[in-house]
1. May I ask you to verify whether residue A:232 is within 14 Å of chain B (Cβ to nearest Cβ) and either touching a residue at least 12 places away in the same chain (Cβ under 8 Å) or surrounded by 14 or more Cβ atoms within 10 Å (Cβ to Cβ) (or both)?
2. Quick check on residue A:43: is it under 20 Å from the mean Cα position of the chain (by Cα), at pLDDT 95 or above and either more than 30 Å from residue A:233 (Cβ to Cβ) or surrounded by fewer than 19 Cβ atoms within 10 Å (Cβ to Cβ) (or both)?
3. State the number of residues belonging to segment B:247-266 that are touching a helix residue (DSSP H, G or I) at 6+ places or on another chain (Cβ under 9 Å) and surrounded by fewer than 24 Cβ atoms within 10 Å (Cβ to Cβ).
4. Is there a residue being over 30 Å from residue B:180 (Cβ atoms) and surrounded by 19 or more Cβ atoms within 10 Å (Cβ to Cβ) anywhere in segment B:73-96?
5. Within segment A:49-80, how many residues turn out to be facing chain B (nearest Cβ under 8 Å), buried (at least 23 other Cβ atoms within 10 Å of the Cβ) and on the phi < 0 side of the Ramachandran plot?
6. Among (1) more than 8 Å from chain B (Cβ to nearest Cβ); (2) crowded, with 16+ Cβ neighbours inside 10 Å; (3) over 18 Å from the mean Cα position of the chain (by Cα), where does residue A:113 come up short?
7. Looking only at residues in segment A:116-150 that are within 14 Å of chain B (Cβ to nearest Cβ) and surrounded by fewer than 13 Cβ atoms within 10 Å (Cβ to Cβ), which one is nearest to residue B:425 (Cα to Cα)?
8. Evaluate the following for residue A:153: is it within 23 Å of residue A:16 (Cβ to Cβ), within 16 Å of the chain's Cα centre (by Cα) and more than 9 Å from every other protein chain (Cβ to nearest Cβ)?
């Protein structure tokens, strides 16, 4: 599904990702954990084609296709999705209008307005969102929790093949975290893969990963099963630094 | 509506004292008006042409404007019905807001006007200015030139001296006109058009008036020079829309001033989309306690257009409120100028006044937006604020939209519509909103960033 090889990324001349490799199979949920500054958010943004990062080396393949030269909208139409850590506020554009435009952009045939309306209502219900929410301007004045729910709502509407979740759990209380996790689990199945990027293992209690990777200084330094997340929780990131810090420097 | 052949002097280029006199006699005007025109002509001659050295014209170069090149007057055929109007005008009417009264000024003359029975039965008068001079001379004499006098500036002086056509709207006390009233100024000759709009809304009355400017495509420069005077009585409501969508050969000058009665509300919307160069002065006089003025502006400049708005929120009386929001987009090598002043006179305590100007630059480094918000406060118990921003479309915002599968051009469109939405969402006129959306969409075209296909 997703294959990243030897990925090197710079922003404003500083190298953030230093030869990262990762493979995600169809139907798999991967968690990437790491301390602040390890390059987690850079990885998610680069996967989606963020204009401010420079890829200096390496490849990203999605469903066998090299996506490196594709713009963000083309990646999305292939089935990639990024749940942003800090979604942009777009004044004057309502959530409903945005969802309509997005859904019709990824679909081959436009959805009839009534069907679209029903779909939005149905997905908002899953996310426990007030129907009035659809008329608000995109992310404008949203609380942190509302923004994250709105990200997952978009994911449910677009039904991607691969979702990258950039610290979707950060700043959420337990109720919001459960709702967000429910949204992700809604899509879980043999055709849906996800990369959950997080600092804490808390979200992994609700969305159980098949694989866990630890990221440090722009690389994945160790991988394992879901036990690795628990181990990390016990021992903390200092343990990772002691254990793998030298490997990351080499 | 012409009765006789226009005198020769009106058919030659440029405006002189002879032209002004000829207009008066051709129109069979009362002596006071003929005298007023001459007085205005003298004011026009005495005032120097503004240059970049004048503070109010610092960013708007009008050195190419040669008034002597324009025909002062162009007749137009009368239309018996809407079906006789030029096709383009019929299309504008069809695409516009539903109306209860309509007036079409074709070049220098009124070609057609209609007032629905239901509205005229209530005593509403909507007619061209010369008919109003015959039938309602007292009101016209009292109000005309009261708000935009001949010594306001060089262009106002010229408009007072050489105006032709124009419209007069009178809404009697307590009358609520539910369906908007509309006028179109249509230009299809290379010449000039100098309409005056006079609106008198009496105590407790309520009306919406849409004033639209459009023209046929032409190469040679044409000249539009208007004056709009809005009188709104105690407790009355006026929504006034000025929609300027001239073709690119037109140079547009207009001054819109209002006077607000006690506890009255005036909502204005000034739209500038067309013309080569457009200069509009919009001045709201908060002349009585409790008056309220909402001032909205929307402009979209492209190619080498220059769109200039000078606004004034003139707080003369206490307890008045004004709220200004002007938003503009710029692409290509265009220039937009906004200069706004909130002035609070010494007696105007408890004033509540806001002013915001925002410019959005679309994928170019060659456009130039000037934003000059100003406060002049001479009272001590007031709430005033002003703000101004100018910025490019945020590439992170575009990335966010595109990451949902929305192609770049579509994402850009969403951002621009969103930007203008703050203004258009405040206008309760569906037909007008759709018209503006179409115009904005046309301006965005195939996307605003130059890209290699």
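The values are calculated or read from the model by the stated rules, or taken from the named source; none is laboratory data. All values derive from a computational prediction rather than experimental measurement. When we count neighbours, we look across all protein chains shown, and the Cβ atoms used for this are built from the backbone with ideal geometry, even at glycine.
1. Numbers: within 14 Å of chain B (Cβ to nearest Cβ): no; either touching a residue at least 12 places away in the same chain (Cβ under 8 Å) or surrounded by 14 or more Cβ atoms within 10 Å (Cβ to Cβ) (or both): yes.
No, not satisfied.
2. Against the criterion (under 20 Å from the mean Cα position of the chain (by Cα), at pLDDT 95 or above and either more than 30 Å from residue A:233 (Cβ to Cβ) or surrounded by fewer than 19 Cβ atoms within 10 Å (Cβ to Cβ) (or both)), residue A:43 does not qualify.
3. 1
4. No, because not a single residue in segment B:73-96 is over 30 Å from residue B:180 (Cβ atoms) and surrounded by 19 or more Cβ atoms within 10 Å (Cβ to Cβ).
5. 4
6. Failing condition for residue A:113: (2).
7. By that ranking, first place goes to A:135.
8. Taking the combined requirement at face value, the residue does not satisfy it.
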